[in-house]
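Here's the structure, in structure tokens; my notes come after.
The values are calculated or read from the model by the stated rules, or taken from the named source; none is laboratory data. All figures in this text were calculated on a predicted structure; none of them were measured in a lab. Here the Cβ positions follow ideal geometry from the backbone for every residue, glycine too, while neighbour counts run over all protein chains shown. Protein only, heavy atoms only, side chains kept; ligands, DNA and RNA dropped before computing areas. Shrake-Rupley method; radii C 1.70, N 1.55, O 1.52, S 1.80 Å.
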Amino acid sequence: MTQKTTTKPTGSLPIFYVTPEPLSSERHANWRMKEGDMTFAAKAACVPLMLSEFAIASRDFPVLFAEANAAPITLLGLEADNLFVENGRWAEDVYIPAYVRRYPFTMVRANDANGFVMVIDAASDRIARDGDEGVALFEDGQPSAFTRQVVTFCEHFHADALATEAFSAALKTQNLLIDRRADITLPDGGKMGVNGFQVIDRDRFATLDDAVVLDWHRKGWLALVHFHLASLDRFQNLMHRRAARQMLSPKAA
């Protein structure tokens, strides 16, 4: 039997986020952030990836590009199943993408389009609306040290996202991306097709204009392309992880 999975996102909200709302010292004055696990990411077959993560992520996952907008993504599973989350825990010694580490916070453009506001997903299981459990988001009406750290992380993430968008736009301008489908034979003999993603065409990349090559070298983009191409061998990692999970939980596979 052949199964299919796709890297295309679903829904209008960013993946993971259910009830995002602007972070407010009034509305969220007593909210606290509890220790939590990675259950929220257990069904994510892919998540967005930033440029600064290409090198380390390419060691563990295939680094691909979304079919719709050429945004970099990292493939975490062969179905609607994150093969790196088990019982709420992320696999040891495996990189956790910044997009996952950022949740339940994010930044969105303000209504006046002149700035950005911090947002929290009110549906997150890590939120305590009262009591003393967890770390306070606000203290005496001001962001706590924890919240200030989160803001800094999200600001860096946003800056990296802008650089990532520029790289994606350059790939499209140079017409380097091609649609690809991965047809995989599983250890149990089953077939699986992974589609909805793009990769950089090696032949087109090899014939880039010299001026473009020099520009990309100065920007550090040439290395990113090589990290991406090397990461395509990581499909084997996903197959091995899926086979191991089937052996441990054959009824759930």
Test result for Thr106, buried (at least 19 other Cβ atoms within 10 Å of the Cβ), hydroxyl-bearing (Ser, Thr, Tyr) and farther than 21 Å from Glu21 by Cα: no
If a residue must be β-branched (Val, Ile, Thr) and either assigned to a loop (DSSP other than H, G, I, E, B) or open to solvent by 20 Å² or more (accessible area, probe 1.4 Å) (or both), how many such residues does the stretch 122-143 contain? 1
In the stretch 197-210, is there at least one residue being at pLDDT below 95, of a type outside the set (Val, Ile, Thr) and closer than 24 Å to Val85 by Cα? yes
Any residue at all in the stretch 104-121 that is under 15 Å from the mean Cα position of the chain (by Cα), touching a residue at least 12 places away in the same chain (Cβ under 8 Å) and outside any strand (DSSP E or B)? yes
Going through the stretch 91-103 one residue at a time, which ones are open to solvent by 30 Å² or more (accessible area, probe 1.4 Å) and either modelled with pLDDT of 95 or more or within 26 Å of Ala159 (Cβ to Cβ) (or both)? Tyr95, Ile96, Arg101
Evaluate the following for Phe146: is it surrounded by 15 or more Cβ atoms within 10 Å (Cβ to Cβ), more than 21 Å from Leu51 (Cα to Cα) and modelled with pLDDT of 95 or more? yes
Taking Phe227, is it open to solvent by 60 Å² or more (accessible area, probe 1.4 Å) and aromatic (Phe, Trp, Tyr)? yes
Pick from the stretch 156-190 the residues that are crowded, with 16+ Cβ neighbours inside 10 Å and among the β-branched types (Val, Ile, Thr): which of them is modelled with the lowest pLDDT? Ile184
Where the second residue is open to solvent by less than 70 Å² (accessible area, probe 1.4 Å) and the first is free of Cβ contacts under 8 Å to residues at least 12 places away in the same chain and lies in the stretch 196-214, which pairs have Cβ atoms under 6 Å and are six or more apart or on separate chains? none
One residue from Ala55, Ala66 being surrounded by 18 or more Cβ atoms within 10 Å (Cβ to Cβ) and more than 25 Å from Arg126 (Cα to Cα): Ala66
Testing Phe153 on (1) in contact with a Pro (Cβ under 9 Å, 6 or more places away or on another chain); (2) open to solvent by 30 Å² or more (accessible area, probe 1.4 Å), one condition comes back false. Which one is that? (1)
I'm trying to understand the selection: among the residues of the stretch 1-17, which are at pLDDT below 95 and in a loop (DSSP other than H, G, I, E, B)? Met1, Thr7, Lys8, Pro9, Thr10, Gly11, Ser12, Leu13, Pro14, Ile15
Could you list all residues from the stretch 25-48 that are in a loop (DSSP other than H, G, I, E, B), open to solvent by less than 10 Å² (accessible area, probe 1.4 Å) and touching a residue at least 60 places away in the same chain (Cβ under 8 Å)? His28
